[in-house]
Amino acid sequence: MARPRPRRARAAEAGRFDLAVVFGAAFLVRLAVWLQIRSLPIVRSPQLDSFEYVEWARRIAAGDFTWPVPPPHGPGYPFFLGAILKLSGGSLGAAAVVQAALGALGCVLIARVGRKLFGREAGLLAGLLLGVEAAVALVDVSLYSEGLLLVLLAAALLVISPTGPATVRAAAAAGALIGLAAIVRPTAVFLLPVAAGSVFLARSPARRTTRFLAVAAAAAIVILPVTWLNLRATGAPLLVQGHGGFNFWIGNSPSRDGLPSVRPGAEWDRLEGEAVRAGFVTPGDQDRYFARKTIREIGADPLRWLRLLGAKLVWTFQAEEIRDPFSFYFFRGEAPLLSFLPGVGVLFPLALLGAVAASARSPRPWVLLGAAAAWAASCTLLVTSFRYRLPLVPVLAVFAGAGCVEAARAVRARGRALALAAGVLLAGALAARLWGHPASRTFAEEWTATGITLNHERDLAGAERAFRRALAEDSRWAPAWTGLGVAAANRGDLQQARASLEKALTLEPGSILANLELARVSAAGGRLTDAEHAYRRVLALAPREYDALQGLGALLLSERRLDEAEPLARRAAEVSPASAPAHLLLARVLGAKKRWTEALDEGRRACDLDPSSPDAWITLGALWTDSGDPQRSLEALDRAQGAGADPRTLGAVRGLALRALEMQSGRAPAR
């Protein structure tokens, strides 16, 4: 007879089966969500945060490792995404599939955490609950950093559970994982005190200090090189990314609600440009400006700030998903599967029951409780939204798995145990549904973004339908009126474009985009004075707005107002030193002022920055001719021809160069 397998082997096999079930279920859910959202315009053409991630990743995939100034996000996710794009030939669909698998792996890690803390059944349920949680499933197949963030945090949580890292190597691994998570999204540092403090939970006192230092040192080794790169690129010691001060003010100003309620449009433009208007130009100075402003406002009304913190703590555990940057409910309406998947409103009551039951037993899950407190603190002290609270969801899933087991135990026991469990579940369900957020269920912003994408794809009819659908959601949503104006301009209806843009500015006079588009439409219609006024309104709001500097500089150059055009062109080149058009504009202004040496330097710089630009080579050729070196002009014009220059323009400029060359050789009389 065959000998029965040892209990340990059977348990290991069962554990592997559980993890395979969790991975398969989570992966299939994510693929299904991706298949339902992939055709949405705002998915196939990333916008806002996703656009910034993808643009940086594409540069990395192309071998351009230029550091952005300031970095809008941590570099961890752009480098991760850049590697996928490099290997897949630039496929965003491949990135979504890889991230679906990565998200499923995160569910497996959480299942292992649950198993270590509460047993096999709780672990399996924790992994499955996270696998079908709606917001996590959506983010895992979207181009956001949180998919990678959650996996790294889950791995760190696995290392430090249940009572902290047992060895120096494990402590270093936990610190390194948190460091990697922090360069993906800086809020990951909230887990660092939990990991470092957890070394003191272990029964063995051996090398506690060494393990504590290993956690901190490993995290620092990962984070500090990014800080150094930021310092070198921006001149400011930004820990991971820029705009931290601005976000701190949004989340903590007693005059606000602590939510990401500053939306694209005039209010965002006014607030974002406030530090620049006050004379703070560098990223570090701007961060300090908003940090000091926040502290002053808190000092002026500390009680109101404390009430704000309390409100954000309540928001952290609400079933409502607060828009960031787009509304979760918009995607739920477009992807039917998301309507059937549970969210925090289901997880929180179960997690509350699991936490209450676990806290009543020994040993208590201090690490998991500490992680829950850390993520609640991150939402309370920063900004509360569905993406900011995502790190809390895996922790809730672990407790929820234990809560399911406890609920089943209470049903079997009946009596007082069942009544207590039912009471906790009811209290949790009610507490998670205290407030709603109507602004997250109005989709004017999402339909406007849809219209912008369709406009870029030259589907002007579809774009107009999307903008009008946005206005049906909110007739006073100025960005939709701006979008209608842009769509009308693209189909050549300048009168309709102007009317829509003026309507947008009636609603939001401080909108940078609406003023820029009105300036362009006015210039195209020959209304140069109106265009100049619109550009100057933009620069009054945002003195370093590149498009306004470039546009107004070109307009003034066309009117030969060279002394006014030069400082604008110089500032455009300063704001965007890697922009070939900025240096090209400056070259033309300097050439018009007959400052040939400077003009030629700027012209060469533009050609170096964009060798494929025929305009740059033609301008350089014209400058060489005007400065008295037509031979070099012909060389530049040959490059312009290779770059696909317009034959008529190229012929005219070449003719001038040949005429000048003949005059120099004495074969043609000078006029």
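Which pairs turn up if I take residues in the stretch 264-293 that are under 22 Å from Pro71 (Cβ atoms) and touching a residue at least 24 places away in the same chain (Cβ under 8 Å) and look for partners that are buried (at least 16 other Cβ atoms within 10 Å of the Cβ) and of a type in the set (Lys, Arg) with beta carbon separation below 6 Å, at least 6 apart in sequence or on another chain?
Hits for this filter: Val276/Arg544.
Consider Gly123 carefully, then state whether it is at pLDDT below 95, among the small types (Gly, Ala, Ser) and under 20 Å from Ala407 (Cα atoms).
no
Quick one: would you say Leu130 is within 14 Å of Leu396 (Cα to Cα), in the same structural domain as Gly82 (by TED's automatic domain parsing) and not polar (S, T, N, Q)?
Working: within 14 Å of Leu396 (Cα to Cα): yes; in the same structural domain as Gly82 (by TED's automatic domain parsing): yes; not polar (S, T, N, Q): yes.
It is true that Leu130 is within 14 Å of Leu396 (Cα to Cα), in the same structural domain as Gly82 (by TED's automatic domain parsing) and not polar (S, T, N, Q).
When residues of the stretch 535-555 are filtered for being surrounded by 22 or more Cβ atoms within 10 Å (Cβ to Cβ) and either over 29 Å from the mean Cα position of the chain (by Cα) or of a type in the set (Lys, Arg) (or both), how many remain?
So the answer is 2.
Among residues belonging to the stretch 363-387 that are of a type in the set (Phe, Trp, Tyr) and within 17 Å of Leu192 (Cα to Cα), point out the one that is farthest from the chain's Cα centre (by Cα).
Among residues in the stretch 363-387 that are of a type in the set (Phe, Trp, Tyr) and within 17 Å of Leu192 (Cα to Cα), the one farthest from the chain's Cα centre (by Cα) is Trp366.
Within the stretch 381-405, count every residue that is modelled with pLDDT of 95 or more and part of a helix (DSSP H, G or I).
14
Would you say Arg232 is touching a Pro at 6+ places or on another chain (Cβ under 9 Å), of a type in the set (D, E, K, R) and either part of a helix (DSSP H, G or I) or farther than 30 Å from Ala32 by Cβ (or both)?
It is false that Arg232 is touching a Pro at 6+ places or on another chain (Cβ under 9 Å), of a type in the set (D, E, K, R) and either part of a helix (DSSP H, G or I) or farther than 30 Å from Ala32 by Cβ (or both).
From the list Gly258, Gly251, which one is crowded, with 20+ Cβ neighbours inside 10 Å, touching a Lys or Arg at 6+ places or on another chain (Cβ under 7 Å) and under 18 Å from Ser378 (Cβ atoms)?
Gly258
What is the residue count in the stretch 512-553 for residues that are among the basic types (Lys, Arg), under 21 Å from Gly273 (Cα atoms) and free of Cβ contacts under 8 Å to residues at least 60 places away in the same chain?
Final tally of qualifying residues: 2.
Please go through the stretch 611-656 and give me each residue that is assigned to a helix (DSSP H, G or I), of a type in the set (Ser, Thr, Tyr) and either more than 40 Å from the chain's Cα centre (by Cα) or more than 22 Å from Ser579 (Cα to Cα) (or both), ordered by number.
Thr625, Ser633, Thr649
Taking the residues in the stretch 294-313 that are of a type in the set (Val, Ile, Thr) and surrounded by 15 or more Cβ atoms within 10 Å (Cβ to Cβ) as candidates, determine which candidate is farthest from Ser50 (Cα to Cα).
Applying the first criterion (of a type in the set (Val, Ile, Thr)) to the stretch 294-313 yields 294-295, 298.
Subsequent filtering for residues that are surrounded by 15 or more Cβ atoms within 10 Å (Cβ to Cβ) retains 294, 298.
Working: Thr294: 28, Ile298: 32 Å.
Across the stretch 294-313, the extreme among qualifying residues is Ile298.
For the structure I just gave you, tell me whether Pro581 is in a helix (DSSP H, G or I), under 30 Å from the mean Cα position of the chain (by Cα) and of a type outside the set (D, E, K, R).
yes
Every residue in the stretch 322-360 that is β-branched (Val, Ile, Thr) and surrounded by fewer than 20 Cβ atoms within 10 Å (Cβ to Cβ), please. Before you say what the answer is, go through the steps one by one.
Start the filter on the stretch 322-360 by keeping residues that are β-branched (Val, Ile, Thr), which leaves 322, 344, 346, 356.
Within the stretch 322-360, Val356 is the sole residue that qualifies.
Determine which member of the set Val215, Val222, Val240, Val226 is over 25 Å from the mean Cα position of the chain (by Cα) and either under 25 Å from Asp49 (Cβ atoms) or in the same structural domain as Ser362 (by TED's automatic domain parsing) (or both).
The unique qualifying residue is Val215.
Taking Gly354 as the residue in question, decide whether it is in contact with a Ser or Thr (Cβ under 9 Å, 6 or more places away or on another chain) and assigned by TED's automatic domain parsing to the domain that holds Gly114.
When the stated conditions are applied, Gly354 does not pass them.
So which residues in the stretch 510-523 are within 16 Å of Thr482 (Cβ to Cβ), in a helix (DSSP H, G or I) and of a type in the set (Gly, Ala, Ser)?
So in the stretch 510-523, the residues within 16 Å of Thr482 (Cβ to Cβ) come out as 510-522.
Keeping just the survivors that are in a helix (DSSP H, G or I) gives 512-522.
Passing the criteria: Ala514, Ala519, Ser522.
Listed residues Ala32, Ala94; which is small (Gly, Ala, Ser), without any contact (Cβ under 8 Å) to a residue 60 or more places away in the chain and in the same structural domain as Leu148 (by TED's automatic domain parsing)?
From the options Ala32, Ala94, the qualifying one is Ala94.
Output the number of residues of the stretch 282-338 satisfying the condition of being polar (S, T, N, Q) and farther than 21 Å from Ser261 by Cα.
1
Answer with yes or no whether Val281 is assigned to a loop (DSSP other than H, G, I, E, B) and buried (at least 20 other Cβ atoms within 10 Å of the Cβ).
no
Condition first: more than 29 Å from the chain's Cα centre (by Cα) and assigned to a helix (DSSP H, G or I). Now tell me which residues in the stretch 489-507 satisfy that.
Scanning the stretch 489-507 gives Ala489, Leu494, Gln495, Gln496, Ala497, Arg498, Ala499, Ser500, Glu502, Lys503, Thr506.
Kindly provide the set of residues from the stretch 330-376 that are part of a helix (DSSP H, G or I) and in contact with an Asp or Glu (Cβ under 7 Å, 6 or more places away or on another chain), ordered by number. Don't jump to the end; show me each part of the working.
Our first condition is that a residue be part of a helix (DSSP H, G or I); within the stretch 330-376, this holds for 330-334, 336-340, 344-359, 366-376.
Of everything in the stretch 330-376, those that are part of a helix (DSSP H, G or I) and in contact with an Asp or Glu (Cβ under 7 Å, 6 or more places away or on another chain) turn out to be Phe330, Leu347, Leu353, Gly354, Ala357.
Give me a count of the residues in the stretch 556-595 that are of a type outside the set (Gly, Ala, Ser) and either under 24 Å from Ala643 (Cα atoms) or crowded, with 23+ Cβ neighbours inside 10 Å (or both).
Selection size over the stretch 556-595: 10.
In the set Leu150, Leu102, Leu85, which member is aliphatic (A, V, I, L, M), crowded, with 24+ Cβ neighbours inside 10 Å and at pLDDT 95 or above?
Leu150 is the lone residue from the list that is aliphatic (A, V, I, L, M), crowded, with 24+ Cβ neighbours inside 10 Å and at pLDDT 95 or above.
For the condition within 18 Å of Leu368 (Cβ to Cβ), hydrophobic (A, V, I, L, M, F, W, C) and surrounded by fewer than 22 Cβ atoms within 10 Å (Cβ to Cβ), what is the one hit in Ala166, Ala233?
After applying the criteria, what remains is Ala166.
Quickly run through the stretch 52-72 and pick out the residues that are out of contact with any Phe, Trp or Tyr (no Cβ under 7 Å at 6 or more places or on another chain), surrounded by 14 or more Cβ atoms within 10 Å (Cβ to Cβ), among the hydrophobic types (A, V, I, L, M, F, W, C) and free of Cβ contacts under 8 Å to residues at least 40 places away in the same chain.
Within the stretch 52-72, Trp56, Ala57, Ala61 qualify.
The values are calculated or read from the model by the stated rules, or taken from the named source; none is laboratory data. Just so you know, these numbers come straight off a predicted model, no measurement behind them. Neighbour counts run over all protein chains shown; Cβ positions are idealised from the backbone, glycine included.
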